[in-house]
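Colleague: Following this message is one structure expressed as structure tokens.
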Amino acid sequence: MFNIDETIKFYELNDKSITKNEAFCILNKEEIDERDYISLINCDDLDVLEIAAKRAKKITEMYFGKNIFLYVPLYVSNICSSGCIYCGFSCSNSIERRRLKEDEIDREMKYLKNRGFNSILILTGEDYSKAGFEHLKKAVNIARGYFNEVFIESAAYTYEKYKELALEGMNGLTLYQETYDKGIYSAVHPVGKKRDFDFRLNAVEEAIRAGIKYINIGCLLGLSVNYKKDVFFLLMHVKYLMEKYPNIEISISFPRICPFEGIKFCYTKVSDLDFVKFIVYTRIFLKNVGINISTRENKNLRDNLIGLGVTKMSAESKTSVGGYLSTHNLKGQFEVSDDRKLEEIINKIKEKGYNPEFNNWVML
């Protein structure tokens, strides 16, 4: 199990600012370590970041080529038993709830397949009911008939349940710890099974033991005032998983909190500068980890990060249940910032000199 307490002690001992020259000395090293990463994310000098971005670009192309892998999310349910105070699907919010019927799931997936996607992320609320799990299994089964890569982003489950999902065709998991600060985690998850910090933290390894080889984890930037600390914990979690399970493919996401209608949670705003630093310095520290950027971010930022560490991007995202073809007009989980059509994103990737990819070559 990933050791939170040791990571806290290490971070607190090394959380300090550095000079511009000290930062350049770190960047001149062939490999940077954990202390170096903490130092770099505490440095706001733009000259340092520019040099780092050039190095990140070279590393990315060395390990991933000039390819940007595109995927699409599909929300199949917004039924939720957790009271996350930062989420539009929280059980405490008065919104219309529904699960897509099987024929609706099939129509949505067929439409997305015809749009050109070959990888799908199936999302639900934190629904631990038997009906909710069976519904997710059916969605995975339907997706396997259309897509090469089937990820889920749902509640955290046990080994046995992940095994059932794997047998239906799931081959990837996205699961955010949200925050690695246990005090904040407890405060923002007042009710529901998600309140169990350790169960969620261990779920990633439960999925790996069940045979899931493609993992994407992240922390929700803005839950913690000290979000740099959260990012460091995330990277230490990734490093731990990569060393313990060398045969799995791991990606990282850095989602920033997005508002939703009626939000009352006062979150910490994360600057674009810090967001870029996390991606650039992560690439230098963990050379072969995938880095994912979603449509939470605006199009200009997404476009400018192509080549600087990012390897995966969502496209044409909708955050409401059945948001592509459904006529129910349900509220989304949060507001999307980049609402461009797939064709526009493809053209921008090509314009930047990169290749839009719909097949994950690692999986083939």
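Taken together, the values in this text are just the output of simple stated rules run on the coordinates, not laboratory data. Since the model is a prediction, treat every value here as computed from it, not as a measurement. Glycine gets a Cβ as well: all are built from the backbone with ideal geometry, and neighbour counts include every protein chain shown.
Colleague: With equal scatterers on the alpha carbons only and no solvent term, can you work out the Debye log10 of I(q)/I(0) for region 210-353 at 0.11, 0.15, 0.18, 0.21 1/Å?
Modeller: The Cα Debye sum returns log10 ratios of -0.47, -0.87, -1.17, -1.38.
Colleague: Turning to a different aspect of this structure: Kirkwood Rh and Cα-based Rg: tell me the resulting Rg over Rh for the chain, rounded to two decimals.
Modeller: On the way: Rg = 19.6 Å, Rh = 20.8 Å.
Computed over Cα atoms, the ratio is 0.94.
Colleague: Let me ask something else. Would you mind listing how long region 53-111 runs along its three principal axes, going by Cα atoms, in whole Å with the largest first?
Modeller: So the three principal-axis extents are 48, 33, 13 Å.
Colleague: From the backbone phi of region 10-20, what are the Karplus-calculated ³J(HN,Hα) couplings (6.51 cos²θ - 1.76 cosθ + 1.60, θ = phi - 60°) in whole Hz, Gly and Pro given as x?
Modeller: 4, 4, 5, 6, 10, 7, 8, 7, 10, 7, 4
Colleague: Please report, in whole Å³, the volume per residue of the convex hull around the C-alpha atoms of region 124-222.
Modeller: Spread over its residues, the Cα hull of region 124-222 gives 94 Å³ apiece.
Colleague: Here is a further query. For region 182-253, what are Rg and Dmax over the alpha carbons, in angstrom?
Modeller: 13.0, 36
Colleague: I've got another one for you. How big is the C-alpha Rg of region 9-74 next to the rule-of-thumb value 2.2 N^0.38 Å, as a ratio? Don't skip to the answer; put the middle values down first.
Modeller: Numbers: Rg = 14.9 Å, N = 66, 2.2 N^0.38 = 10.8 Å.
Scaled against compact globular proteins, the figure is 1.38.
Colleague: What 222 nm value per residue comes from the helices of the chain, counting each DSSP H run with n ≥ 4 as -39,500 (n - 2.57) and dividing by all residues, nearest 500 deg cm²/dmol? If you can, show how the numbers build up before the last one.
Modeller: Values: 13 runs with 153 residues, N = 364.
Roughly -13000 deg cm²/dmol at 222 nm, from the helical runs in the chain.
Colleague: Moving to a separate point now. Which lysines have a Cα less than 16 Å from the Cα of Lys163, not counting those fewer than 8 places away in the same chain?
Modeller: Straight-distance partners of Lys163: Lys130, Lys137, Lys138, Lys213.
Colleague: If you line up the Cα atoms of region 256-311 on their principal axes, what length do they span on each, largest first, in Å?
Modeller: 39, 20, 18
Colleague: How would you order 7-20, 144-157, 243-256, 36-49 from highest to lowest mean count of nearby Cβ atoms within 10 Å?
Modeller: Details: 7-20: 13.6, 144-157: 20.9, 243-256: 16.8, 36-49: 18.4.
Those peptides, ordered most packed to least, come out 144-157, 36-49, 243-256, 7-20.
Colleague: Tell me which cysteines of the chain come out unpaired when the rule is another cysteine's Cβ under 4.7 Å.
Modeller: Lone cysteines by the Cβ rule: Cys25, Cys43, Cys80, Cys91, Cys219, Cys258, Cys266.
Colleague: What is the percent of Cα-Cα separations in region 290-332 that go past 14 Å? Before the final figure, lay out each step's value.
Modeller: Numbers: 479 of 903 pairs.
Distances greater than 14 Å cover 53 percent of the Cα pairs.
Colleague: Okay, next question. Convex hull over the Cα atoms of region 290-364, averaged projected area in nm²? Could the numbers behind the result be given before it?
Modeller: Values: hull surface 23.3 nm².
The Cα convex hull of region 290-364, projected and averaged over all directions, gives 5.8 nm².
Colleague: Name the residues whose placed amide hydrogens come within less than 5 Å of the amide hydrogen of Glu357, ignoring near sequence neighbours (fewer than 5 apart) on the same chain.
Modeller: Residues meeting the criterion, in which the H sits 1.01 Å from N, are Ile68, Phe69, Leu70.
Colleague: Shifting gears a bit: Give the Rg/Rh ratio for region 92-176, taking Rg as the radius of gyration of the Cα atoms and Rh as the Kirkwood radius, to two decimals. Intermediate results must be reported in sequence, preceding the final value.
Modeller: Values: Rg = 12.8 Å, Rh = 13.3 Å.
We get a ratio of 0.96 for region 92-176.
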